[in-house]
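Written below as C-alpha cells is the structure these notes are about.
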Amino acid sequence: MTCPHAAAAAVGTVRTYPFGDHVDLRLDPDYAELRATSPVARVRMPYGGEAWLLTRHADVKKASADPRLSMHAAADQDVPRAAPRALDSVGLMGMPPESHARLRRLVSRAFTARRVAALRPRITEITHHLVDEMVADGGPADLVSRLALPLPTAVICEMLGIPRTDQHIFRAFTEALMSASRFTEEQVAQAAEEYADYLRGYVAQRRAHPKDDLISALIEARDEGGRLSEDELLMLTGGMLVGGHETTANQLAGQALVLLADRGRYERLVADPGLIPATVEELLRYVPLWASVGPSRVATEDVEIGGVTIRAGEAVVYSLASANRDETVFDAPDDVVLDRAANPHIAFGQGPHFCLGAPLARAELQCALEALTGRLPRLRLARPAAELDWHRGMLVRGLVELPVTW
C-alpha cells in the first residue's frame, strides 16, 4: 500500500509525459523517482489530456488483470494517450471482452509452447540459413537487416502462408502503424487501405486454394464453423502478420546490442550456451520495447490502485519498462544479470492482453543467440554503441542498423 504522503503527491502534481525523448535503451530517471514517491502519478499525455501513470511492478500487474480498466472503453475515443490515433474498436485489443476472448481462443492454439516446440527445428534452420548468407557475404554486416528482421518475418510468413516476397507490403503498414510522428495521418490511412486491399486479395486467393497454414485454418473457421466474421478474419490475419515480426525484430536487435556493447556478456554465452534461456529472459526484462507507454485503458467504475482512487471515466497508462526495473522486485534492476534466478518480468504484459506470441518470440530469440554465439564466437560491434542510429518518431524503440563484424 502506498503511504499517504506518496498518494497525496500523486494527486497534487501533474507532470508532462513523456519525460524525455528516449529512443535508445535508456530509461528516464523520472520513472525511478515516481516508483519511490508517486507510483500512481498524474500526467499530461501528448494527446487527449491527463491520465494516471503506473510505474511499479505490483500496480501494473494488478491493473493489467482488472476488467474495470478497459481498453474497449478507450477505443475510438479521444482519451489521454501516447499515440496520435485512438485505439481502434475493430482491432483485437479494442474489442469487447467477450469478442476479444473468443478470437484469442481461435488463434491461441497456434502459439502454445507445445506447438512452438514442434516449430523449433524449422526456426533453427531458418536462423542458420540467414547466418550462412551473412557469413558468405562477409563482414561488416547489418544484424538488423540480415537477422533480426528477416528471422521473425520468415517464421510468421510460413505460419500464416504469406509469401516473404510480399513483406514490403506489410512492412510499409507496420511502420505507418507504429508511427508517433514519423508519418502523417494521411500516410497512415493510405498504408492501412493498401494493407486491407492486400489482405482481402490474399484471403480470397487462399480461400480458392487452401493449404496447410494458419490463414486456411481461419478461413475454415469462418466459412464452415461460423466462428468469426469476414472482418474479424482479416483483422486477425493482419494483426498476427504485424505483431509476429515487428516487436521481436526490435527486441532481438536490442538484445544483441546489450551483449556486444559489453563483450564479456557475449563471451560468457559463447563459453556457456546453457545460459541462453535465462539471458533471453533477463534481456526481455532489461531492453525496453515501447518508446513510452502502450494503449490507454479507461476505468468503467472507481478502482483503487496503489492507495489512489481512479474514478470511473479516467484514463490509466503504465510503463512495462519501469515495472521491469522495480527495485522491490528485482535485485540490481539496472544491471544485466545473465543468470538471474528469479525473473518475474512482465515484458509480454499480463492478464487478458498477455502477448499471444510470447512462446514464439522466446524461441526465436533463443535460436538467434544460439546461432550467433555458436557460429560467430568473435562477433563484435563494427561501430561504437554510442554512434548507432535509432528510429525516431515511432511508438517502439528500434535500431536503424546494427553493424557487426567477426
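The values are calculated or read from the model by the stated rules, or taken from the named source; none is laboratory data. Predicted model only: the values in this text are computed from it and were never measured. Neighbour counts run over all protein chains shown; Cβ positions are idealised from the backbone, glycine included. Calculation scope for accessible area: heavy atoms of the full protein, side chains included, ligands and nucleic acids excluded. Shrake-Rupley method; radii C 1.70, N 1.55, O 1.52, S 1.80 Å.
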Distance in nm between label sites at residue 129 and residue 24, each 7 Å beyond Cα in the beta-carbon direction? 3.6
Compute the label zone of residue 290 within the stretch 324-357: residues whose backbone N is under 17 Å from the point 7 Å along Cα-to-Cβ. 324-326, 345-357
State the percent of C-alpha pairs, over all pairs in the stretch 1-133, separated by a distance greater than 17 angstrom. 73
Give the relative contact order (percent, whole number) for the chain; include only Cα pairs under 8 Å separated by 6+ residues. 27
Need the full-extension length gain, residue 211 to residue 88, defined as separation in residues times 0.36 nm minus the C-alpha distance. One decimal, nm. 41.2 nm
What part of the accessible area of the stretch 47-93, given as a whole %, is carbon or sulfur when the probe is 1.4 angstrom? 53
Between residue 168 and residue 190, how many nm apart are label points set 7 Å from Cα along the C-beta direction? 1.6
Which semi-axis lengths, in whole Å and largest first, follow from the square roots of five times the eigenvalues of the Cα gyration tensor of the chain? 32, 29, 19
Net charge near residue 152 (other residues with Cβ under 9 Å of its Cβ; Lys, Arg +1; Asp, Glu -1) is -2
Assuming R0 = 35 Å, what is the FRET efficiency of residue 230 and residue 181, from their Cβ-Cβ distance, to the nearest 0.05? 0.55
How much length, in nm to one decimal, is gained on full extension between residue 16 and residue 309, taken as 0.36 nm per residue of separation minus their Cα-Cα distance? 103.4 nm
Would you mind working out the accessible area per residue for the chain, using a 1.4 Å probe, and quoting it in Å²? 43
What is the distance in Å between the Cα centres of the stretch 352-406 and the stretch 278-295? 12
Only four residue types carry charge here, +1 at the Cβ of Lys and Arg and -1 at the Cβ of Asp and Glu. Report the dipole size of the stretch 202-313 about the Cα centre in Debye, rounded to the nearest 20. 300
So the pair-distance distribution of the stretch 138-270, from every Cα-Cα distance in 10 Å bins, comes to percents of 11, 35, 29, 16, 7, 1
Compactness relative to 2.2 N^0.38 Å, alpha carbon Rg of the stretch 258-406: 1.23
Simple SL model, points at 7 angstrom along Cα→Cβ for residue 385 and residue 272; separation in nm is 2.0
DSSP-defined beta bridges in the chain - what % are antiparallel, rounded to 5: 75
Among 161, 145, 83, which residue has its Cα positioned farthest towards the positive end of the charge dipole of the stretch 56-208, with +1 placed on the Cβ of Lys and Arg, -1 on the Cβ of Asp and Glu, and the dipole taken about the Cα centre? 161
Within the stretch 229-249, find all residues whose amide N lies under 18 Å from a label point positioned 7 Å from the Cα of residue 358 along Cα-to-beta-carbon. 243-245, 247-249
Give me the extension gain from residue 117 to residue 76: residue separation times 0.36 nm, minus the current Cα-Cα distance, reported in nm with one decimal. 11.0 nm
FRET efficiency estimate (nearest 0.05) - Cβ-Cβ, residue 400 to residue 263, R0 25 angstrom: 0.70
